[in-house]
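The values are calculated or read from the model by the stated rules, or taken from the named source; none is laboratory data. Since the structure is predicted, the reported quantities are computational estimates derived from the model, not experimental observations. Counting neighbours? That spans all protein chains shown, and the Cβs are built from the backbone with ideal geometry, glycine included.
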Amino acid sequence: MANEITIKIDGNAVTVPAGTIVVDAAKRIGNDVPVFCYHPKMEPVGMCRVCLVEMGMPRVDRETRQPVLKADGTPEIDWMPKLVTGCTERVRPGMEIRTNSEKVKTARQEILEFLLTSHPLDCPICDKGGECPLQNLTIQHGPGNSRFLVNEKFHLDKHVPLGDLIYLDRERCIQCARCIRFQEDLADDPVLGFDERGRATQIVTFSEPGFDSYFSGNTTDICPVGALTTADFRFGARAWEMQNSASICNACPVGCNTHLNTRRDGLSGNFAIKRVMPRQNEQVNELWICDKGRFGHHFATSPDRLSVPQIRKKGQLVQATWDEALSLIAEKMQAAGSSIAGIAGERLANEDLFTFRKLIEGQGGKIAAFPGEMAGGDWVQQVGIAAGSNLSELGGDSVIVVVANDLEESAPIWWMRVHQAVEKKGATLDKSKASLIVLNARPTKAEGSANYAIHYAYGEETATVQALLRAAQGNSVENETLTAAGKAIANAKNLVVFLGNEGLDYADSAALAQACANLLIETGHVGKPNNGLIAVWNKGNTQGAWDMGLRPLAGTTANFVGKSKFIWTAAADPIGDKQTLPEDTFLVVSELFETATSRRADVVLPVQSFAEREGTYTSGERRVQRFYPAVPARGESRPDWLIFSHVQVRVGQIDKAPVSTSVVFSQMSKEISLYNGLNYRALAQTQEQFPQIMGEDKYYGGTAFENSAGLGVQVRTSADLGQKPASRSVSSRSAIDGLTAVLTQKLYDRGTLLMRSYLLHPRLALPVAHLHAETAAMLGVADGEDVQVQVAGQKGKYTVCVSEDTPQNVVLLPNSVGALNFVGAQPAEVVKIAETVGA
Amino acid sequence: MFTEIIKGLGTTIKHMFEEPITIQYPEERKPVAKRFKGRHELKRYDNGLEKCIGCALCAAACPADAIFVQASENTDEQRFSPGERHASVYEINMLRCIFCGYCEDACPTQAIVLEHDYELAFFDRQSAIYTKKELLVPVPDGGKPTPQQVAPGSFNWSIPPMQDAE
């Protein structure tokens, strides 16, 4: 390639793209130049100066402008009199680098000696000890002794909470600013900064509450010393004591690759998940995970978990054996004939969903995915983002459309990667910026980076996307921003649409999905990499449910189950979600925890969490990824698919339950045409990724884990396979009159699983009703007052928050905070709760 | 021939009048060498605070994987050791221990010491696991038992600078 440059590092030639940093170039030939402040995902700053190298350029004859050659024909090199920082120096033709000369070695020793003058050397109690860049580099390159006196060390605060989740140890900080730059450039939450100067320099947070970011945990990974630690892991275990298991985060549809670090808990005797760490997958989560994924794992090892099967006898749930429970289920199932309904939670693994569907449909019953309130999975199967896409490849010729969702709240890592494509503040060679079009009824964080932000009224989502398509086809539409946005789409090579369902019921959501699919099809952005539809599901494996052939519930559970005599809910809590189930049915619940539904059940079966078993999840980008067992199973709990298989045996559908998940998966890949040819071995394959974060050095990418357990496989859409999807006409409806209530997605909701992570409790969403000042005045309520909101016959208590960001005539309510639960935009009544009269 | 018999009996008779080596264990006990490596003890400072900071370097050094340490954070209300961190669980499996003393060498605060108790016999495997309760030495005179409540900010060093009086 024309823009590749060959340089010599310690005499070895290396060819890298123009613009590459010397440290990265050296890394490619296995030469580890030490770094502290440089991180391969962030722009260099040259603050720590440990990467000093000798640099030389060919001598040029001033008259002829030609390189001066030595007698042997090689160019004469002029070495710079002083050392340069390898992280800020970009490769240039003819450049030569020495990383191992005496001069360089002395400089490194001096820098390390200098960094250690203020470092407390408390490695025995430091959480970073054992995986600490400063420790490793001091042993590798350090001087061995110091000219400074240990008793003259500067002592600073050791226990500075930067928020509820992250603690700062001021003594240990070496002021590399990795955390500050991460928050500013990558996370787009600039809440950290330096305060004071010289030796008093310290990291401070200036947000309220402190360190208010969904990505804060990543700063502890990239911190090259133990200055930042998480409240969750603080003193939890030493780095070498824990076992690693690869896993997949199921909290949202991104499907981040994670590592579960586990260890026996000395007090309870059980195995505990000590921490969740990101596992490198450059196509999914790069080196990052959000705080929900990092701190929200506690449900898996919670003492509240169900551990034995229970059967209702004389009105009471009593402990039973698996044999009794399964026999009873099989008996009742057969007695019910085909009057059977299955409700499958969208967080179940693919194998569970597949087996559940086989069981229920094999008996002639019906099954649906719960809550199943968002449509579009069928469109994702056809025009979803094409296989081989990578959001970090989106550049100047790309347009990203975010419609009807708050990407940061629903899928933080997607937001981070979109932000990266749009702002290009991180380390990338391609600095051309993608365009972002945000369509929403209210301002969201994504708007801050948007090139075109369009507000519609709730109800006009589909019409807005249709107008965008008309604009992209060269027609002019009423809205100037829309016209400009359409022009951007028309000129774009790549188009990615993030589809949400804020303020939409199932039918509206289906219309919006259709409109988005039309936009992609009509503008020719299907079936090629970095193009297509991504559905921002509200649950982790909703796409898997669609792929397994489950249809969404699309309405109320009461409507769905009808007069079924036998109902089985798995990983779903319809009653807790303000739905109803008929009283006179036989109800089976397989769950992790006691829920409102399980209290009503006739049989309750304990299931295993994701940390105890094997399986696969399908991400919103249709990447099928494996997770592995990390801790022993709780009590007598069993994996969902095995329970379903055992019942299948008892009702005579199959002779023998499959022996493992891989057997279920291979059967699944035969029957589900989208998954044809997939198997567990294919999903476990890996390939070399750049940056290479592991190897001899652990400092380069911070504490991150290389991916040795599989990158997963992105399933191909029908458009990828050459089919030409056709757009279909779609009808849109107009805005709703009167006061409208809409549920908004919050990352830290009050769901059954997240509530078990007590650490996150101070950050959980509160029941707050957001109102525009004029709407609040019209309703006669003021900021901070308690109100009763009535929607679709339900009543919930909320506290009013008046904000200018809320559209007029709308009351925005956070989803899943233990109050109201409904879908779509609904007419609402807001009544002030009269203050109690009394003392 | 008789001379040989008399010579042999002479040796026997000589030994009869020698001081016997056999001692009446357990009524009598021989002192062990000063640097004998017997059962471990977890030491305390003179004020009663535990020397162990829960760093688990002993467990890392242990060639027999006999030691399990779980650490927790100290607070000024509940202070076990002078630094930030203390061992909330400390277990040594005496059936695994080979009494090599590497734990002693690894300990940055000289908290673990192989002392002179060698009478380690168990009826079951569970009782071979010595916990903090058995390992920790009694509070010295003038010291307070742990956890102690201390004045805020009195121990803000990560590695305790405390020294016992010589």
Which count do you get for residues in the range A:542-568 that are among the hydroxyl-bearing types (Ser, Thr, Tyr) and part of a helix (DSSP H, G or I)?
2
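So is A:Asp221 crowded, with 22+ Cβ neighbours inside 10 Å and within 14 Å of chain B (Cβ to nearest Cβ) or not? Steps first, answer last, please.
Working: crowded, with 22+ Cβ neighbours inside 10 Å: yes; within 14 Å of chain B (Cβ to nearest Cβ): no.
No: the conditions fail for A:Asp221.
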Return the residues of the range B:76-89 that are in a loop (DSSP other than H, G, I, E, B) and more than 8 Å from every other protein chain (Cβ to nearest Cβ); say none if nothing qualifies.
B:Asp76, B:Glu77, B:Gln78, B:Phe80, B:Ser81, B:Pro82
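Looking for whichever is more than 30 Å from A:Met80 (Cβ to Cβ), more than 14 Å from every other protein chain (Cβ to nearest Cβ) and among the small types (Gly, Ala, Ser) here; the options are A:Gly129, A:Gly193, A:Gly142. Which one fits? Before you say what the answer is, go through the steps one by one.
Values: A:Gly129 fails: more than 14 Å from every other protein chain (Cβ to nearest Cβ); A:Gly142 fails: more than 30 Å from A:Met80 (Cβ to Cβ).
From the options A:Gly129, A:Gly193, A:Gly142, the qualifying one is A:Gly193.
Does any residue of the range B:27-50 turn out to be in contact with a Ser or Thr (Cβ under 6 Å, 6 or more places away or on another chain) and at pLDDT below 95? Break it down into steps so the answer makes sense when it comes.
First, the residues of the range B:27-50 that are in contact with a Ser or Thr (Cβ under 6 Å, 6 or more places away or on another chain): B:49-50.
Retained after the next criterion (residues that are at pLDDT below 95): B:49-50.
Yes, there is a match, as at least one residue in the range B:27-50 is in contact with a Ser or Thr (Cβ under 6 Å, 6 or more places away or on another chain) and at pLDDT below 95.
One residue is enough: does the range B:16-32 have a residue meeting the conditions closer than 16 Å to B:Phe155 by Cβ and in contact with an Asp or Glu (Cβ under 9 Å, 6 or more places away or on another chain)? Spell out the reasoning first.
Initial filter on the range B:16-32 (closer than 16 Å to B:Phe155 by Cβ): none.
Checking the range B:16-32: not a single residue is closer than 16 Å to B:Phe155 by Cβ and in contact with an Asp or Glu (Cβ under 9 Å, 6 or more places away or on another chain).
Only one of B:Ile13, B:Ile21, B:Ile98 is under 27 Å from B:Ala121 (Cα atoms), over 19 Å from the mean Cα position of the chain (by Cα), loosely packed, with under 14 Cβ neighbours inside 10 Å and away from chain A (no Cβ under 14 Å). Can you tell me which?
Numbers: B:Ile13 fails: under 27 Å from B:Ala121 (Cα atoms); B:Ile98 fails: over 19 Å from the mean Cα position of the chain (by Cα).
Answer to the check: B:Ile21.
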Does A:Glu113 satisfy being of a type outside the set (A, V, I, L, M, F, W, C), within 21 Å of A:Arg238 (Cβ to Cβ), surrounded by fewer than 21 Cβ atoms within 10 Å (Cβ to Cβ) and within 41 Å of the chain's Cα centre (by Cα)?
no
Please determine, by comparing only the residues of the range A:161-173 that are part of a strand (DSSP E or B) and crowded, with 23+ Cβ neighbours inside 10 Å, which one is nearest to the other protein chains (Cβ to nearest Cβ).
A:Leu168
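Are any residues in the range A:302-316 within 39 Å of the chain's Cα centre (by Cα) and either assigned to a strand (DSSP E or B) or of a type in the set (Phe, Trp, Tyr) (or both), and if so, which ones?
Residues of the range A:302-316 within 39 Å of the chain's Cα centre (by Cα): A:302-311.
Within the range A:302-316, A:Gln310, A:Ile311 qualify.
So which strands (runs of 3 or more DSSP E) are wholly in the range A:434-541 and hold at least 3 residues that are touching an Asp or Glu at 6+ places or on another chain (Cβ under 9 Å)?
Output list reads A:435-440.
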Could you list, in sequence order, the residues of the range B:33-75 that are hydrophobic (A, V, I, L, M, F, W, C), more than 14 Å from every other protein chain (Cβ to nearest Cβ) and either in a helix (DSSP H, G or I) or more than 20 Å from B:Asp105 (Cβ to Cβ) (or both)?
B:Leu49
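Quick check: is even one residue across the range A:34-46 surrounded by fewer than 21 Cβ atoms within 10 Å (Cβ to Cβ), on the phi < 0 side of the Ramachandran plot, of a type outside the set (A, V, I, L, M, F, W, C) and not in a loop (DSSP other than H, G, I, E, B)? Talk me through it step by step, then tell me what you get.
Our first condition is that a residue be surrounded by fewer than 21 Cβ atoms within 10 Å (Cβ to Cβ); within the range A:34-46, this holds for A:42-43, A:45-46.
Right, trim to on the phi < 0 side of the Ramachandran plot and you get A:42-43, A:45.
Pick out the ones that are also of a type outside the set (A, V, I, L, M, F, W, C) and you get A:43.
From the residues that got through so far, the ones that are not in a loop (DSSP other than H, G, I, E, B) too are none.
No, the range A:34-46 has no match at all.
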Members of the range A:312-351 that are in contact with a Ser or Thr (Cβ under 9 Å, 6 or more places away or on another chain) and over 25 Å from A:Ala545 (Cβ atoms)
A:Leu317
When the residues of the range A:145-160 are narrowed to those that are within 11 Å of chain B (Cβ to nearest Cβ) and either of a type in the set (S, T, N, Q) or not in a helix (DSSP H, G or I) (or both), which ends up nearest to the chain's Cα centre (by Cα)?
A:His159
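Being away from chain A (no Cβ under 14 Å), under 22 Å from A:Leu267 (Cβ atoms) and surrounded by 18 or more Cβ atoms within 10 Å (Cβ to Cβ) is the requirement here; does B:Leu114 meet it? Spell out the reasoning first.
Numbers: away from chain A (no Cβ under 14 Å): yes; under 22 Å from A:Leu267 (Cβ atoms): no; surrounded by 18 or more Cβ atoms within 10 Å (Cβ to Cβ): yes.
Answer is no for this residue.
Given the residues B:Glu119, B:Glu134, which is the only one that is more than 11 Å from every other protein chain (Cβ to nearest Cβ), of a type in the set (Asp, Glu) and assigned to a helix (DSSP H, G or I)?
Numbers: B:Glu119 fails: assigned to a helix (DSSP H, G or I).
Selected residue: B:Glu134, the only one of B:Glu119, B:Glu134 that is more than 11 Å from every other protein chain (Cβ to nearest Cβ), of a type in the set (Asp, Glu) and assigned to a helix (DSSP H, G or I).
Among the residues of the range B:45-62, are any crowded, with 20+ Cβ neighbours inside 10 Å, more than 30 Å from B:Val150 (Cβ to Cβ) and free of Cβ contacts under 8 Å to residues at least 40 places away in the same chain?
Within the range B:45-62, the first condition is being crowded, with 20+ Cβ neighbours inside 10 Å, and the residues that meet it are B:49-59, B:62.
Of the ones still in play, those that are also more than 30 Å from B:Val150 (Cβ to Cβ) are B:62.
Right, trim to free of Cβ contacts under 8 Å to residues at least 40 places away in the same chain and you get none.
No, the range B:45-62 has no match at all.
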Taking the range A:282-300 and keeping only residues that are crowded, with 22+ Cβ neighbours inside 10 Å and either farther than 14 Å from A:Leu759 by Cβ or not charged (D, E, K, R) (or both), one is left with A:Val284, A:Asn285, A:Glu286, A:Leu287, A:Trp288, A:Ile289, A:Cys290, A:Gly293, A:Phe295, A:Gly296, A:His297, A:Ala300
Exactly one condition in (1) small (Gly, Ala, Ser); (2) more than 23 Å from A:Val380 (Cβ to Cβ); (3) at pLDDT 95 or above; (4) within 32 Å of the chain's Cα centre (by Cα) is false for A:Gly635; which is it?
(3)
